[in-house]
1. At what distance in nm do the modelled label points of residue 106 and residue 39 sit from each other, each positioned 7 Å from its Cα along Cα→Cβ?
2. Report, in whole Å, the centroid distance computed from the Cα atoms of region 1-55 and region 73-105.
3. Mind checking which of 58, 42, 32 is farthest towards the positive end of region 13-74's charge dipole, using Cβ charges of +1 (Lys, Arg) and -1 (Asp, Glu) about the Cα centre?
4. Excluding residue 24 itself, calculate the net charge of residues whose Cβ lies under 9 Å from the Cβ of residue 24, where each Lys or Arg counts +1 and each Asp or Glu counts -1.
5. When 1/r is averaged over all different Cα pairs and the result inverted, which Kirkwood radius in Å belongs to the chain?
6. Per DSSP helix of 4 or more residues, -39500 (n - 2.57); summed, then divided by the residues of the chain. What does that give at 222 nm, rounded to the nearest 500?
7. Over region 1-91, what relative contact order in percent results from Cα pairs under 8 Å that are six or more residues apart?
Amino acid sequence: MKIAVASQNRREITDHTGRCRKFWIYEIETGTISHKALLELAKEQSFHDSSPHNPSPLDDVQVLIAMGMGTGLVRRLESMDIKPVITTEINPDKAVEDYLNGTLRTKPAEPHEHGHKHAR
């Protein structure tokens, strides 16, 4: 299994996932982290600037953890067979460990309106 964690500054979990271009990718084997690598996207590959109809470098992850995302991104991830997880945890490593242990603090997605159209 692969878990992506949105982390624009590479230290803390990002709140605005749609514009995030840096993700920690955790590879999980037998319930533990076996590998961790940073994936950096080009601006046009961010969720905000890319079409939901085009392939994404995140297509092979099963879970995406972030501190915030709108309901539109939640639906987009679900259509990609990626489980969106919104947490109050700020530490990426702790969030993944807690997710694997079933103890990650989560919160629901909120409506996200900001007055402009997303790429199609």
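Derivation of every value follows stated rules applied to the coordinates shown; laboratory data play no part. As the structure is a prediction and not an experimental result, all values here were calculated from the model. Here the Cβ positions follow ideal geometry from the backbone for every residue, glycine too, while neighbour counts run over all protein chains shown.
1. For the pair residue 106/residue 39, the computed spacing is 1.9 nm.
2. Spelled out, the Cα-based centre of one part sits 11 Å from the other.
3. 42
4. Numbers: positive: 10, 22, 36; negative: 93.
So the environment of residue 24 carries a net charge of +2.
5. Details: mean 1/r = 0.0700 Å⁻¹.
Over the chain, the inverse of the mean reciprocal pair distance is 14.3 Å.
6. Working: 2 runs with 19 residues, N = 120.
Taking each H run of at least 4 residues, the total per residue is -4500 deg cm²/dmol.
7. Numbers: 174 pairs, mean separation 28.9, N = 91.
Relative contact order of region 1-91: 32 percent.
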